[in-house]
Each structure stands twice: as C-alpha cells, then as structure tokens.
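Comments concern the structure below.
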Amino acid sequence: MNERASTPSVVRWNEVREALARAAEDAGRDAAEVTLVAVSKTFEAEDIAPVIDAGQKIFGENRVQEAKGKWPALREGRPDLELHLIGPLQTNKVRDALRLFDVIETVDRESLAAELAKEIPKVGHAPRLYVQVNTGEEEQKAGIPPGEADAFIRRCREVHGLAIEGLMCIPPADEPPSAHFALLSKIAKRNGIRILSMGMSADFEEAVQLGATHVRVGSAIFGRR
Ligand SMILES: *Cc1c(COP(=O)(O)O)cnc(C)c1O
C-alpha cells in the first residue's frame, strides 16, 4: 500500500464502493451494472489524484471553466479517464465542453441541442449525451420538464441527429427521491434509453434500487465542500 492509499478520500471511496456493491446486491442486481461517477467539483487536482491512483476512472464536474483548469493536467498520462459534465451548459461554452468531456449529462433545451449538433462536426469529437429531466419541476433547477421529455428526446434524435443515451435527474432536496427516480426510469423505458444517472451521496442506495446505472457521488468521497 502506498501512502496515498490511506488518504481520507481513498478510504471513503472504498466505503462508497462497498456500499454501492451492497445496494446492488440488495436490489438483486449485478454490481457491475452500476457505475460510480466520482464528483470532484470544487476539489483541487491534489485531492483528486489519489482517488485516480486508487483506481477510480470516471469523474463528474459541474462547471466547464473549472474542469478546463484542472483536468487537462490530470489526464496527462492517464488516457483511460472519463469525464462527465453534470452541471448546466451555456451555449457559448459548448465548444470547450466538447473538447473536455466524454459525457454531457445535461442536455436540457432546444438551443443547446442545436448548438451541440452544429459544433460536434467542427470539433470532430462526439461525447455521449444524456438529457437532464427536472423531475420536480423546480423553477431554479435546470432540466426539461417531465411532460416535455418525450418530445424533446425525439427532437434531439430526429431534428438534431443527436444520439441520446441516458437520462439524468436531481430530485428536489426536500422530498423523498424515490418517486423522482421511478419517474426518470419510466421516461427512459418508453424512449428506449438504458442509462439512468441518478442518486448522489445521500440517496444512491435508493437510486440503485430503482434502476440507476450511474450514481454521482461527491461529498461521500471527497468530503464536505
Ligand atoms: C454536486 C453534484 C453531485 C454530488 O453531490 P453529493 O451530494 O456531494 O454527492 C451529483 N450530481 C450533481 C448534478 C451535482 O451537481
């Protein structure tokens, strides 16, 4: 064991992985079906590097600018990392986002779908795309309202030629998340979508119970922000 293996974040990362495996087992699912996205927003490269060295390959960031500042250096010599954008994407940052991210989880409006379709051929690199659904229909939260999700997904695919592979949601903080996870799963099923990005530090076990394929866990690994 090297010294870094005992840093608090690596210890917590191992605990989260164990909890995730248990949650999958409890749900009668194969643990390999659930991918842990380690959310490293606000943490510095020096906090993130030990978790990479311990074996975590998939990370989430919520700001393009912040990711641009720390990930190019972190990725050097580590070709197998995968970076997910999990925060709102402004259309004027699409080109940067396409260069930085392997997955964009926050496609949430027509103007963004159009900009992605326009820029992907220019950048020559197409990240995998998820649609964010505002399951709680909260005004301050990004995401397409659930009632508009089917039509939006169809337009992304048919009008903009975007392959939508997943759905993502962030349930309201003050409600039990299960109904939101179930709703996301239902929208996914009827649109032929297999990937469900749902569940964070406080509720990833419930998300796994309800079919999450990707959980986005930050503070349970890296500590308080
Ligand atoms: C910050 C964030 C997370 C991680 O939240 P924790 O509660 O720290 O696990 C997950 N998803 C999104 C979209 C986030 O912005």
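Below, the figures for the structure above:
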item	result
Enumeration of residues in the stretch 111-128 that are at pLDDT 95 or above and out of contact with any helix residue (DSSP H, G or I) (no Cβ under 7 Å at 6 or more places or on another chain)	A114, A117, K118, P121, K122, R128
Condition check for E66: in a helix (DSSP H, G or I), open to solvent by 40 Å² or more (accessible area, probe 1.4 Å) and within 16 Å of the ligand (Cβ to nearest atom)	yes
Filter result (outside any helix (DSSP H, G or I) and open to solvent by less than 30 Å² (accessible area, probe 1.4 Å)) within the stretch 143-174	G143, I144, L162, I164, G166, L167, M168, C169, P171, P172
Residue check, G211 open to solvent by less than 30 Å² (accessible area, probe 1.4 Å) and part of a loop (DSSP other than H, G, I, E, B)	yes
Residue in the stretch 176-197 that is in a loop (DSSP other than H, G, I, E, B) and polar (S, T, N, Q) present	yes
Long-range neighbours under 8 Å by Cβ, at least six apart or interchain, first residue on the phi > 0 side of the Ramachandran plot within the stretch 198-211, second in a loop (DSSP other than H, G, I, E, B)	G199/P177; G199/A212
Given (1) surrounded by fewer than 19 Cβ atoms within 10 Å (Cβ to Cβ); (2) away from the ligand (no atom under 16 Å from the Cβ); (3) assigned to a helix (DSSP H, G or I), index of the condition D47 fails	(2)
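The rows are residues; the columns are (1) buried (at least 22 other Cβ atoms within 10 Å of the Cβ); (2) within 28 Å of V51 (Cβ to Cβ).
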position: P79; (1), (2): no, yes
position: G87; (1), (2): no, yes
position: K93; (1), (2): no, yes
position: L116; (1), (2): yes, no
position: I120; (1), (2): no, no
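The values are calculated or read from the model by the stated rules, or taken from the named source; none is laboratory data. Since we're looking at a predicted model, the values are computed, not measured. We place every Cβ from the backbone using ideal geometry, glycine too, and count neighbours over all the protein chains shown. Just so you know, the surface numbers come from the protein's heavy atoms only, side chains and all, with ligands and any DNA or RNA stripped out. Shrake-Rupley method; radii C 1.70, N 1.55, O 1.52, S 1.80 Å.
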